[in-house]
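Below: one structure, written as structure tokens.
Throughout, read-outs are computed from the coordinates displayed, never taken from laboratory work. These numbers were taken from a predicted model, which means no experiment stands behind them. So basically every Cβ, Gly included, is an ideal-geometry build from the backbone, and we count neighbours across all protein chains shown.
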């Protein structure tokens, strides 16, 4: 029997609070680097069981096809094949070309930073030989907010293999302050992580860390009023 970690518990609390909020007003959700919508995705169950309005962005062509298949039949969920960064335009994304027989996450291992992909060489034999590139269209956070008519965000989830701090910093610059932010710190250096966390704390976010991800809840979000005790599972 294992007990949920503090990070797992905070994610559960926040999603439960958003689900309760959905009774009055559907939460507005943006997921950047959505992958296939299933593999290792802690939002999948929430998105398919809660009345919400969500935009899911995934730049890799074959992964995007899987994402649209996952959420077919959900009219309140919009999927778009684009990447997000501080500067708009075409960019080169590094990814694994053939994932047959590799771990499930290899199919979603794509980054603007070649070294982030290659950092998994110990887990994937001959990774450098499997490396390929894909040209993707990139927009800014301001572009995203305008195109999808976001007046606010209840939850912003980012998983972009080493680019999370750049994207999140741009959202903060345009004064987009979601109730909840979940991002991957795993591929950020300690200094970049510390700088990003300092910015979030300046904007009154409380942080809870997991092994690979961080959840940041805005100080006013009522998830902090929910009971923290959970039964063993």
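Brief remarks on what is shown
- Here mean projected area of the Cα convex hull in nm² was computed from the coordinates, and among (1) 14.5; (2) 11.7; (3) 13.3 the match is (3).
- Helical contribution to [θ] at 222 nm, DSSP H n ≥ 4, -39,500 (n - 2.57), averaged over the chain, rounded to 500: -8500 deg cm²/dmol
- Of all beta bridges that DSSP places with both ends in the chain, some 50 percent have antiparallel geometry.
- When only Cα pairs below 8 angstrom with a gap of at least 6 residues are kept, the stretch 77-233 shows a relative contact order of 20 percent.
- Inter-part distance where the stretch 43-112 and the stretch 123-156 are each reduced to a Cα centre, Å: 8
- For the stretch 1-114: Kirkwood Rh in Å [reciprocal of mean 1/r, alpha carbons]: 15.7
- For the stretch 179-221, the relative contact order is 53 percent, taking Cα pairs closer than 8 Å that sit 6 or more residues apart in sequence and dividing their mean separation by the residue count.
- Residue of 59, 190, 88 that the Gaussian network model of the chain assigns the largest fluctuation, springs spanning Cα pairs under 10 Å: 190
- Each peptide in 36-42, 69-75 receives the mean, over its residues, of other Cβ atoms within 10 Å, and ordering these scores from highest gives 36-42, 69-75.
- Here the gap between residue 123 and residue 76, fully extended at 0.36 nm per residue and compared with their Cα-Cα distance, gives a gain of 13.2 nm.
- FRET efficiency estimate (nearest 0.05) - Cβ-Cβ, residue 143 to residue 98, R0 25 angstrom: 0.15
- Just checking the listed ones, 60, 174, 11: in the Gaussian network model of the chain with Cα springs under 10 Å, the one fluctuating most is 174.
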